[in-house]
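Structure, as structure tokens:
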Amino acid sequence: MAESKTVHSPLLTYFSVLSLLTLCPPFVILLWYTMVHADGSVSQTFDYLKQHGLKGLIDIWPRPTATAWKIIACYSAFEAALQLLLPGKRVEGPLTTMGNRPVYKANGMAAYVVTLVTYLGLWWFGIFNPTVVYDHLGEIFSALIFGSFVFCIFLYIKGHVAPSSTDSGSSGNVIIDFYWGMELYPRIGKHFDIKVFTNCRFGMMSWAVLAVTYCIKQYEVNGRVADSMLVNTVLMLVYVTKFFWWEAGYWSTMDIAHDRAGFYICWGCLVWVPSIYTSPGMYLVNHPVNLGTQLALYILVAGILCIYTNYDCDRQRQEFRRTNGKCLVWGKAPSKIVASYTTTSGETKSSLLLTSGWWGLSRHFHYVPEILSAFFWTVPALFNHFLPFFYVIFLTILLFDRAKRDDDRCRSKYGKYWKLYCEKVPYRIIPGIY
């Protein structure tokens with residue numbers, strides 16, 4: 001049973017699972033509709049729904065068109081081909097509780113560069129206009145909602161019939177299995193890792209592709225790109241570039257190493273990331289804000305500093321693990337706790353817990369610059385409407401929940417050593433506050 005299933009009480013789990021399964025799809029469509037057709041005004045959309053009810057929602061829900069399916073199919077095939085064909089260094093993931101060690105090919109950065117160069121090249125040479133993607137966005141999201149749902153059913157069946165490794169299994173409950181997933185590392189054949197595809201090559205890649213799309217759309221409509229849109233696009237691209245630069249490190253995080261491939265992760269990366277994560281840019285297309293050079297630069301620099309800090313936190317811990325604690329952290333030897341734990345097969349192993357540097361400030365300090373980065377690429381939209389800030393609020397809730405789940409998992413894994421660690425690093429996320 002995946003650790004993540006045991007964190008919340010069964011009743012709360014049921015409630016949250018069923019509400020997410022039913023509420024997320026319409027929310028994606030309503031967000032798109034509000035940003036693109038209702039001037040970004042939540043109250044305008046709310047009044048419309050109050051007046052027309054469920055029929056109103058059905059009326060504004062775009063039907064997936066052939067164009068939308070074609071765009072998704074070409075993009076997916078292109079990314080899958082890059083994932084399989086581009087050369088990359090062999091990287092081993094962390095050892096699983098069942099004693100398996102997944103092997104990856106680290107070619108994310110190459111795939112990222114090829115994707116953006118190809119996309120911009122197609123636009124530059126007049127072969128494909130990215131504005132087509134924006135103009136069919138509603139249909140694309142609609143197609144992704146249904147297509148990804150079918151894909152999650154496929155993952156559920158595969159988990160029962162043909163799991164890729166022993167890191168799989170059922171909780172005995174269909175809904176929980178569908179939501180949290182059956183397999184930790186589902187693969188098609190030996191080399192095509194499904195989670196790397198959904199999380200990195202489809203989800204994160206689409207974030208960069210759509211950020212560029214929104215920028216081009218604004219340029220084609222207005223003949224220029226507002227400084228607010230430039231700051232938003234540059235910061236998002238810097239963030240996604242950082243992600244692909246560090247992609248091998250991401251394979252050791254909770255998303256890949258602990259959360260199984262189900263609706264929660266896969267539908268989230270296939271639908272929620274392209275729609276919600278890119279939403280500040282989607283809003284700015286029709287709401288160009290002129291910040292002025294000085295303010296634009298301040299926001300840009302603040303955003304880049306936050307993204308760098310987020311990267312440096314992850315790099316620091318990765319370096320600490322790689323050298324087995326024999327490295328310098330902020331110029332001096334790191335302070336650490338050696339924590340031993342027992343695997344499911346009964347073996348005793350030990351891990352090093354870093355308690356200095358960024359990781360001495362709080363147990364999940366890296367979430368602070370991550371939330372601030374999101375704030376800085378949203379703030380160019382200014383405060384006329386609440387909706388562009390939905391992503392920042394969502395991210396804050398997501399990361400606070402993730403920190404809690406991670407802490408609970410570590411508490412059960414390390415026992416007294418975790419208690420010792422928490423005494424040394426008392427704050428969970430925000431130093432001195434929480």
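Every residue, every condition in (1) among the hydrophobic types (A, V, I, L, M, F, W, C); (2) open to solvent by less than 60 Å² (accessible area, probe 1.4 Å); (3) assigned to a loop (DSSP other than H, G, I, E, B), yes or no:
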{"site": "S43", "(1), (2), (3)": "no, no, no"}
{"site": "D47", "(1), (2), (3)": "no, no, no"}
{"site": "K55", "(1), (2), (3)": "no, no, no"}
{"site": "T67", "(1), (2), (3)": "no, yes, no"}
{"site": "V91", "(1), (2), (3)": "yes, yes, no"}
{"site": "G99", "(1), (2), (3)": "no, yes, yes"}
{"site": "K105", "(1), (2), (3)": "no, no, no"}
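Residue pairs whose Cβ atoms lie under 6 Å apart, sitting 6 or more positions apart in sequence or on different chains, and linking a residue in the stretch 111-133 that is at pLDDT 95 or above to a partner that is of a type in the set (K, R), are T131/K217. Identify the residue in the stretch 220-254 that is crowded, with 18+ Cβ neighbours inside 10 Å and among the acidic types (D, E) and, among all such residues, is modelled with the lowest pLDDT. That would be E247.
Restricting the search to the stretch 397-413, which residues are open to solvent by 40 Å² or more (accessible area, probe 1.4 Å) and under 17 Å from L20 (Cα atoms)?
Selection gives I397, D401, R402.
Which of the residues spanning the stretch 281-324 are among the aromatic types (F, W, Y) and over 29 Å from F365 (Cα atoms)? Of everything in the stretch 281-324, just one residue is among the aromatic types (F, W, Y) and over 29 Å from F365 (Cα atoms), namely Y283.
Here is a yes/no grid of residues against (1) under 26 Å from W251 (Cα atoms); (2) modelled with pLDDT of 95 or more; (3) crowded, with 16+ Cβ neighbours inside 10 Å; (4) assigned by the TED database to the domain that holds W251:
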| site | (1), (2), (3), (4) |
| --- | --- |
| T278 | yes, yes, yes, yes |
| I307 | yes, yes, yes, no |
| Y311 | yes, no, yes, no |
| T323 | yes, no, no, no |
| L361 | yes, yes, yes, no |
| F375 | yes, yes, yes, no |
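For every residue, the table says whether it meets (1) touching a Lys or Arg at 6+ places or on another chain (Cβ under 8 Å); (2) on the phi > 0 side of the Ramachandran plot; (3) acidic (D, E); (4) surrounded by fewer than 24 Cβ atoms within 10 Å (Cβ to Cβ).
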position	(1), (2), (3), (4)
I175	no, no, no, yes
Y179	no, no, no, no
L184	yes, no, no, no
R187	no, no, no, yes
H191	yes, no, no, yes
I194	yes, no, no, yes
R201	no, no, no, no
M205	no, no, no, no
L210	no, no, no, no
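Evaluate the following for I371: is it open to solvent by 50 Å² or more (accessible area, probe 1.4 Å), within 30 Å of V42 (Cα to Cα) and not in a loop (DSSP other than H, G, I, E, B)? When the stated conditions are applied, I371 does not pass them.
Of all residue pairs spaced 6 or more apart or on separate chains, those with beta-carbon atoms under 7 Å, a first member in the stretch 156-173 that is in a strand (DSSP E or B) and a second member that is modelled with pLDDT of 90 or more are S168/G159; S168/M182; S168/E183; S168/L184. May I ask you to verify whether L137 is closer than 30 Å to L57 by Cβ and touching a residue at least 60 places away in the same chain (Cβ under 8 Å)? When the stated conditions are applied, L137 passes them. Taking the condition modelled with pLDDT under 95, within 30 Å of G159 (Cα to Cα), touching a strand residue (DSSP E or B) at 6+ places or on another chain (Cβ under 7 Å) and assigned to a helix (DSSP H, G or I), does A261 pass? No; evaluated as a whole, the condition is false for this residue. Checking the stretch 307-316 against the condition returns no match, with no residue being within 30 Å of I176 (Cβ to Cβ) and in contact with a helix residue (DSSP H, G or I) (Cβ under 6 Å, 6 or more places away or on another chain). Assuming A302 fulfils every condition listed in (1) open to solvent by 20 Å² or more (accessible area, probe 1.4 Å); (2) closer than 22 Å to Q83 by Cβ; (3) small (G, A, S) apart from one, which condition is it? Only one criterion in (1) open to solvent by 20 Å² or more (accessible area, probe 1.4 Å); (2) closer than 22 Å to Q83 by Cβ; (3) small (G, A, S) is unmet by A302, namely (2). So, S252, is that one more than 29 Å from R321 (Cα to Cα) and either among the small types (G, A, S) or not assigned by the TED database to the domain that holds V132 (or both) or not? Judged against the criteria, S252 is not a match.
The values are calculated or read from the model by the stated rules, or taken from the named source; none is laboratory data. Note that the structure is a prediction, hence the values are computed from the model and not measured. Note that we place each Cβ from the backbone using ideal geometry, even for glycine, and neighbour counts take in every protein chain shown. Quick note on the areas: whole protein, heavy atoms, side chains included, nothing else; ligands and nucleic acids left out. Shrake-Rupley method; radii C 1.70, N 1.55, O 1.52, S 1.80 Å.
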